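In what follows, a single structure is set out as structure tokens and then discussed.
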Amino acid sequence: MSLIELHKISRFYRIGKNDEKYVLRDITLSFPSHGLVSILGKSGCGKSTLLNIIGKIDKPSEGTVYFDKEDISKFNEKKTARFRSHAISYIFQHYHLFENQTAIYNVMLPALISGDSYKVAYSKAEKLLKSFSIKPSLYDKRCADLSGGEKERIAILRAFINKPRVILADEPTGALDKNNAHLAMNALKKISKTSLVIMVTHSESLANQYSDRIIKMSDGKIIKDQKINNLFDKSDYHLPKKIKLGNNWLNKIVASNFAKRFKRNIFSISALVVGLVATMLIIGFVNGKDASITKSMENQFDYGTASISKENRLFSADSPITLIQTMRPNEEERQEIKEKCIDFNVCYSYDALVSSMPTIAINDEEIEGLSYLPIYSFVDNSTNHSLLIKGKIPTFDTLNQVVINQHAYQLLNKTLKFDSLNSYLRIKDQQKYSFQTDDPEKPYVDDYFVFDRLVQVVGIVKEINFLNTPKIYYSHLAMEKDINEMILNNLSLYKGDTSWKDVVIDSLDNSPLSSYSCRLFLKDFSHLSSLQSIDEKLGDSFSITCNGLTVEETLFSLVDAASIGMEVFLGIAIIGITMILGIISFASYNEDIKDSAILLCYGARRDDIASIYVSESLILGLISVVISFLLGILLTRPVNLLIEHFTSLIDCINIPLSRFLNRPFLFPFLIVGVTMIVCLLATYLPIGFSKKISLKEELKAND
């Protein structure tokens, strides 16, 4: 049996729904294991198509091709790679060289693919080049810089290097002058002594001079099959079952592609870096937000101040409405609070006498929007003195000196048109209360609480901006002392000397004078966790009102919502980046589709082709990861400062480089892993698409 047999081969293309155009029609041929067979005919008669079908570059529409008694259409990918690497080789009409690679690398490429080391392949290629009288100066010259004749000779030598059983030559002398044409034909004739050479040519003179057999074609049919020399199969040939195909040729192509696509790669790296840096900052934000909020909440001068009251629910059988009565805790309850909240000073509230929004004036000009709020003391550890940014904290508790926050400072500066530090504010408030007496003739008397103070602004504290308002802070201890010294003139006539502190203490817990609450002041601002857990300690019996906790809870809610939005955006961004990289990878593959087809023709597998683009993508990914980590680390500080400037959140972004989810270095590994997955997905998109394209179409790409 012959080495190659074609049985009733036809090749047609559909034109419209019902019409078919035949390129080959019912071809039956056989070829021995050696000899030079020429196929002649006019352009378009089907010569090259027949050659492509024999070489498994194209598929027949009908019929079967046998190689070594096996139907080549049933070869799997591995067997096809062995077939193209060791059994068959090609000399293409259009050279199909790697234009950006050197001449000698193009010649040695099939040997590298078939498993030879670089050194062995180079030696083989050098011998072939010398045998063809190729000047050494051309060895390291890029094929793009060679003449047409030089390219033709390189293409012929490339087909020779693995000493294949079959060489398929499509117009191998088309670009050669007469002398080089005969040199090429002599080489083909020499190799045909031990291998089969099937050549398509227009030159009848060369065919007649060198061929052992001439086949003439017309309109897709064999019109003449002339055997000049009788050839017999010298020996049976069997395709090796196991061949170690090499991949040491990949690196050079990867490097060449990477350099060729430098600008495109810069764009890809930029897209990845933007996505990765955004990912790191968002993950850093999610990781650091809770600690940042907790830390930032400390930047409130009155963070340790709270009000506590009890609520009585009043039910009516005639109404679905439940009324809630707010009251001050009684003496027994205050004692209970002291025992449970040992980190707090439990005090009476004097808000009923001096409201948080008294009349405040400077230079007889009233200023709206300022709050007048208590802190326990200026001289103990109940407040964070490190918040002071200008001036001083009073060295003793007095109502004559106050500390203001930066919002109040800006408001006062705007009013005064100069620095308001050490300026004086007039704070006034007046309340009227009626008291019961034991005198039947005058059962009630009225007393007026008058608060009128000229206070000096001695210090400025910087607080968190979020939901903050202009505030003036005074000492609760100083206020208590002052109230204790203020006598009720009218009531004292009936009950003896009675101070305003006395009437607050003695007032009913549901009286306006009680303020319906007690004051809680944290003894040491460093024990802020006690404030955050106060609800757990007191249970549902009492209601806690704390501006600091309210701001904190609101900020937590907003930041959590922002985190969810960022995470959704991050997911969309990752999908978008994957699509961008996929489009770029497809463009790169489409640009190199012919080169990929050439590699397949010389025994490379689809996996090898994928390895080229996977390697490029992984290199891009790794470069991007390194740049992103550097940028992420560098940007963390300025971005945190920017966030702090607008929100007062301190160190909000904390990229978990060393520890994440209680595992060391998990985050960097995740970033690298996700990046590699994104790169792989973006790479396999065009590779998967390419499997639907025939090798013949790939070889014609970009022509």
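The values are calculated or read from the model by the stated rules, or taken from the named source; none is laboratory data. From a predicted model like this one, the values you see are computed outputs, not experimental measurements. With ideal geometry, Cβ positions are generated from the backbone for all residues, glycine too; neighbour counts draw on all protein chains shown. The protein model used for the area step is the full one, side chains on, heavy atoms only, and it has no ligands, DNA or RNA in it. Shrake-Rupley method; radii C 1.70, N 1.55, O 1.52, S 1.80 Å.
Key figures
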item	result
Matching residues in segment 50-78 - criterion: being open to solvent by less than 40 Å² (accessible area, probe 1.4 Å) and either touching a residue at least 60 places away in the same chain (Cβ under 8 Å) or among the acidic types (Asp, Glu) (or both)	Leu50, Leu51, Asn52, Ile54, Gly55, Ile57, Asp58, Val65, Phe67, Asp68, Asp71
Considering residues of segment 323-340 that are over 24 Å from Asp524 (Cβ atoms) and assigned to a loop (DSSP other than H, G, I, E, B) only, the residue farthest from the chain's Cα centre (by Cα)	Asn330
Condition check for Thr326: polar (S, T, N, Q) and over 19 Å from Arg519 (Cα atoms)	no
Any strands (runs of 3 or more DSSP E) falling wholly within segment 341-409 and containing at least 2 residues that are within 13 Å of Ser475 (Cα to Cα) and of a type in the set (Val, Ile, Thr)	401-405
Segment 372-381 - residue that is open to solvent by less than 20 Å² (accessible area, probe 1.4 Å) and not hydrophobic (A, V, I, L, M, F, W, C) and, of those, nearest to Thr305 (Cα to Cα)	Pro374
Restricting segment 107-140 to residues that are among the β-branched types (Val, Ile, Thr) and at pLDDT below 90, the residue that is nearest to Ala597 (Cα to Cα)	Ile113
Single residue of segment 429-464 satisfying the filter (open to solvent by less than 50 Å² (accessible area, probe 1.4 Å) and not in a strand (DSSP E or B)) that is nearest to Leu370 (Cα to Cα)	Glu463
Output for segment 621-658, where each listed residue is over 30 Å from Ser585 (Cβ atoms), open to solvent by less than 60 Å² (accessible area, probe 1.4 Å) and not in a helix (DSSP H, G or I)	Ser648, Leu649, Ile650, Cys652, Ile653, Pro656
Residue under evaluation Leu631, criteria (1) of a type in the set (A, V, I, L, M); (2) modelled with pLDDT of 90 or more; (3) over 26 Å from Asn265 (Cα atoms); (4) in contact with a helix residue (DSSP H, G or I) (Cβ under 7 Å, 6 or more places away or on another chain), criterion not met	(3)
Some residue of segment 356-371 being at pLDDT below 90 and within 17 Å of Leu531 (Cβ to Cβ)	no
Residues that are crowded, with 20+ Cβ neighbours inside 10 Å and assigned to a helix (DSSP H, G or I), drawn from segment 246-255	Ile253
Pairs where the first residue, in segment 532-545, is touching a residue at least 24 places away in the same chain (Cβ under 8 Å) and the second is open to solvent by 30 Å² or more (accessible area, probe 1.4 Å) and among the acidic types (Asp, Glu), C-beta under 7 Å, 6+ apart	Ser543/Glu311; Ile544/Asp535
Of all residues in segment 164-190 being open to solvent by 30 Å² or more (accessible area, probe 1.4 Å) and touching a strand residue (DSSP E or B) at 6+ places or on another chain (Cβ under 9 Å), the one that is farthest from Ile113 (Cα to Cα)	Lys189
The listed residue being open to solvent by less than 50 Å² (accessible area, probe 1.4 Å), polar (S, T, N, Q) and either within 30 Å of Asp290 (Cα to Cα) or not in a helix (DSSP H, G or I) (or both), out of Ser563, Ser588, Ser557, Ser529	Ser563
Residue satisfying all of: in segment 481-501; among the acidic types (Asp, Glu) and open to solvent by 40 Å² or more (accessible area, probe 1.4 Å); farthest from Ser423 (Cα to Cα) among these	Asp497
Every pair of residues 6+ apart whose Cβ atoms lie under 6 Å, when the first sits in segment 503-521 and is closer than 16 Å to Ile487 by Cα while the second is polar (S, T, N, Q)	Ser507/Ser514; Leu513/Ser507
Members of segment 410-428 found to be open to solvent by less than 30 Å² (accessible area, probe 1.4 Å) and not in a loop (DSSP other than H, G, I, E, B), listed by number	Leu412, Leu416, Leu425, Ile427
Residue in segment 120-131 that is outside any helix (DSSP H, G or I) and either open to solvent by 10 Å² or more (accessible area, probe 1.4 Å) or among the small types (Gly, Ala, Ser) (or both) present	no
Subset tally (residues that are part of a helix (DSSP H, G or I) and either of a type in the set (A, V, I, L, M, F, W, C) or more than 42 Å from the chain's Cα centre (by Cα) (or both)) for segment 132-145	5
Residues of segment 290-313 satisfying the condition of being in contact with a strand residue (DSSP E or B) (Cβ under 7 Å, 6 or more places away or on another chain) and in contact (Cβ under 8 Å) with a residue 40 or more places away in the chain	Phe301, Asp302, Gly304, Thr305, Ala306, Ser307, Ile308, Ser309, Lys310, Glu311
